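What follows is a short report on a single structure.
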Amino acid sequence: MEDVNNIDSGVQPAMWPWEHALFGYVVYSVVCHAHYRDAPGKYETAVVLIASVLPDVVDKTLAWQFDVFHSGYALAHSIFIAAPLAIVVGLSAREYGRPALGLAFAIGYPLHLVGDVIPSYISSGEWTISHLLWPVVVIEGRDHGGLLEGFRHNFGPYLAEVLALEPTPYLLVQVGIALTAVGLWIVDGWPGCRLVVRWNRLLYERLS
C-alpha cells in the first residue's frame, strides 16, 4: 500500500458534485439518443444523477465527518470498487427487467471517476489516477473538521476562480458542460422535473 500526498485540500482542481451530475447527464442523454433513439426517462435521469455524485457522498462524508478514511478519495472512488459495482448493478437491473436503470447507474457512477481525472489533465497536462487506486494507493488528507467545514475549505478557491472570470481552459470546459447539459435537458423534455415536484409535494405533506 502506497501513501500519496494530499490532493483533497482544494488545491488540485476537481469536479464539484453538481458538475459531476451535469457531466453524467450529458453522456447519458447522448447514449439514450444513440442507443434507444429516445430521451432519458424521469427515473433513469434520477438514477444517473444520484450515481454520478454517489462517490463524493460516500467518501467525503466518511472522511470529513467521521474520519473513517484519510481523505475524500477512498472506497467509493476506487476503480477496484466502481467497475465491479457498475457491472453488478447493470446486470441486476437487466435481470429484473429494468435495463435502462442499470445502464443509467453503470454510466453515472464510473463517469464520476472520469470526471475527477479530467480537471487535473486540463490544468497540468498530466493524467493523475493515483486517487482512484484505493486501497493500493491511499491519499493522505487533512483534518477538515467536519463535512460543512470541509466544504467551505474546498469551495473557497473554486468560488474565487469563478468570480475572477478568467477564461482558464477548465473554466471554459465547466461552462461548456453546463450549457450542454441544460440544452440537452430542455430538448429531452425536462426529464425528472415533475418527479422532483412530486417528491417535494409528498415531503411537504408529510412534514405538515
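The values are calculated or read from the model by the stated rules, or taken from the named source; none is laboratory data. Model, not experiment: these values are computed from the prediction. Because the Cβ atoms are built from the backbone with ideal geometry, glycine has one as well, and the counts that use them run over all protein chains shown. Only protein heavy atoms, including side chains, enter the accessible area calculation; ligands, DNA and RNA are left aside. Shrake-Rupley method; radii C 1.70, N 1.55, O 1.52, S 1.80 Å.
Points worth noting:
- Val117 vs. criteria within 19 Å of the chain's Cα centre (by Cα) and either touching a residue at least 12 places away in the same chain (Cβ under 8 Å) or more than 22 Å from Ser52 (Cα to Cα) (or both): yes
- Residue match in segment 184-195 (condition: at pLDDT 85 or above, touching a Phe, Trp or Tyr at 6+ places or on another chain (Cβ under 8 Å) and open to solvent by 50 Å² or more (accessible area, probe 1.4 Å)): yes
- Here is the figure for segment 47-66: residues that are open to solvent by 20 Å² or more (accessible area, probe 1.4 Å) and either of a type in the set (Lys, Arg) or touching a Pro at 6+ places or on another chain (Cβ under 9 Å) (or both) total 3.
- Residues of segment 81-109 classified as touching an Asp or Glu at 6+ places or on another chain (Cβ under 6 Å) and either acidic (Asp, Glu) or open to solvent by less than 20 Å² (accessible area, probe 1.4 Å) (or both), total: 1
- Across segment 120-136, the number of residues qualifying as at pLDDT below 95, within 26 Å of Val89 (Cβ to Cβ) and open to solvent by less than 50 Å² (accessible area, probe 1.4 Å) comes to 2.
- Count of residues meeting criterion [outside any loop (DSSP other than H, G, I, E, B), open to solvent by 60 Å² or more (accessible area, probe 1.4 Å) and without any contact (Cβ under 8 Å) to a residue 40 or more places away in the chain] in segment 67-80: 0
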